[in-house]
1. For region 175-188, enumerate the residues that are hydrophobic (A, V, I, L, M, F, W, C) and closer than 15 Å to VAL217 by Cβ.
2. So which of LEU234, LEU307, LEU258 is more than 15 Å from ALA45 (Cβ to Cβ) and in contact (Cβ under 8 Å) with a residue 60 or more places away in the chain?
3. Conditions: (1) away from the ligand (no atom under 16 Å from the Cβ); (2) in contact (Cβ under 8 Å) with a residue 40 or more places away in the chain; (3) outside any strand (DSSP E or B). GLU122 meets all but one. Number of the miss?
4. Which one of these does ALA286 not meet: (1) within 16 Å of the ligand (Cβ to nearest atom); (2) modelled with pLDDT of 95 or more; (3) out of contact with any Leu (no Cβ under 7 Å at 6 or more places or on another chain); (4) aliphatic (A, V, I, L, M)?
5. Sort out which residues of region 121-176 are among the basic types (Lys, Arg) and over 20 Å from the mean Cα position of the chain (by Cα), and write them in order of number.
6. Within region 171-200, which residues are among the aliphatic types (A, V, I, L, M) and more than 15 Å from ALA160 (Cβ to Cβ)?
7. Since ILE156 meets every condition but one in (1) part of a strand (DSSP E or B); (2) farther than 17 Å from GLY256 by Cα; (3) within 16 Å of the ligand (Cβ to nearest atom), which condition does it not meet?
Amino acid sequence: MILVFGSINMDLVASVRAIPRPGETVLSPGYRTLFGGKGANQAVAAARMGGHVTMIGRIGRDSFGEACRANLTANGVRTEHVVMSDVPTGCAFITVDEAGENAITVASGANRMLDAHDLPTELLGPETVAVMQMEVPLAASLVAARHVKNAGGRVIWNLAPTPARLERAELLDLLATTDVLVVNEIEAAMAATVLDGATDFKAAAQLLAVEGGLACVMTAGGAGAFVTSPGAELRHVPAVPVTPVDTTGAGDTFVGVLAGELAAQAELETALQQACAAASMACLSAGAQDGMPTRAALKTWLDDRQLTAS
Ligand code: RIB
């Protein structure tokens, strides 16, 4: 069973020619209201791969919250542990430029209220694959991850978005409860700096893997991903070349599919191939969740290109 302990947002998305610089105003023809939040996105990505997914999160008592819950349910994600709070549902303000790149401001709202007690420990067991990110309180996520580990489960931790501040003790605690750490280059460099080391991305990934005794996966956008673990060389997993329409949610697709594949007992390298392929495909549609493939859709897409992920 996959358990996502994380954020649920409504995304307000505006397409622009170029993302505004500080102090600049740009015009967009309009905006779209789309489902998002790193946690919810990862839950949907895992569910579309056929995983049994339970979302642990918080929404407000408002129309965005109700719509977000209904969307999760419609995607096959269990939501009985999504708690209503008196704080408004999280909202992300997203601008997407002509190259498909984005800039995001998240108003956390109800996500800030997520508590370790929201995690029903009776759900946990050796078959649990839990997914954590950095859009809900870190202290709550650390306690939740510890519960998962105590029950014999596995933890995937996506260090996104890059935290503004991360204490060394917090990072060591996080690494100690993690089986697979997923970072991009910026997050890897930040974490390596907290640990007082690493000069390049390869060294940063290896440092994190050794410190945590874990597999460190570094996502690299169109270049795919790299993975290392203590004593192992850095291995490259390629992406499928695409011309992106919108990269929003590509990282979440990667993490959700990785969780889905690991919960289905795939080997890490096989799971990473599938995650890279799904993330590539997700870039072909606007919005975080619209392009997330089902297992069947991903297979057809790869077959059409005479590629296989697994
Ligand atoms: O990773 C993309 C997500 O980040 C968006 O859906 C937005 O809600 C922010 O959380």
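1. Of region 175-188, the ones hydrophobic (A, V, I, L, M, F, W, C) are 175-176, 180-183, 186, 188.
LEU175, VAL180, LEU181, VAL182, VAL183, ILE186, ALA188, listed by residue number.
2. Going through LEU234, LEU307, LEU258 in turn, just one is more than 15 Å from ALA45 (Cβ to Cβ) and in contact (Cβ under 8 Å) with a residue 60 or more places away in the chain: LEU307.
3. It fails just one condition, (2).
4. Of everything listed in (1) within 16 Å of the ligand (Cβ to nearest atom); (2) modelled with pLDDT of 95 or more; (3) out of contact with any Leu (no Cβ under 7 Å at 6 or more places or on another chain); (4) aliphatic (A, V, I, L, M), ALA286 misses just condition (2).
5. First pass over region 121-176, keeping only residues among the basic types (Lys, Arg): 146, 149, 154, 165, 168.
Of everything in region 121-176, just one residue is among the basic types (Lys, Arg) and over 20 Å from the mean Cα position of the chain (by Cα), namely ARG168.
6. Narrowing region 171-200 to residues among the aliphatic types (A, V, I, L, M): 171-172, 174-176, 180-183, 186, 188-192, 194-195, 198.
Hits for region 171-200 are LEU172, LEU175, ALA176, ALA192, VAL194, LEU195, ALA198.
7. (2)
A quick yes/no check of all residues on (1) within 11 Å of the ligand (Cβ to nearest atom); (2) touching a strand residue (DSSP E or B) at 6+ places or on another chain (Cβ under 8 Å); (3) among the aliphatic types (A, V, I, L, M):
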{"site": "GLY251", "(1), (2), (3)": "yes, yes, no"}
{"site": "LEU258", "(1), (2), (3)": "no, yes, yes"}
{"site": "ALA263", "(1), (2), (3)": "no, yes, yes"}
{"site": "CYS276", "(1), (2), (3)": "no, yes, no"}
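The values are calculated or read from the model by the stated rules, or taken from the named source; none is laboratory data. Because the structure is a prediction, the values reported are computed rather than measured. Note: ideal-geometry Cβ built from the backbone for every residue, glycine included; neighbour counts use all protein chains shown.
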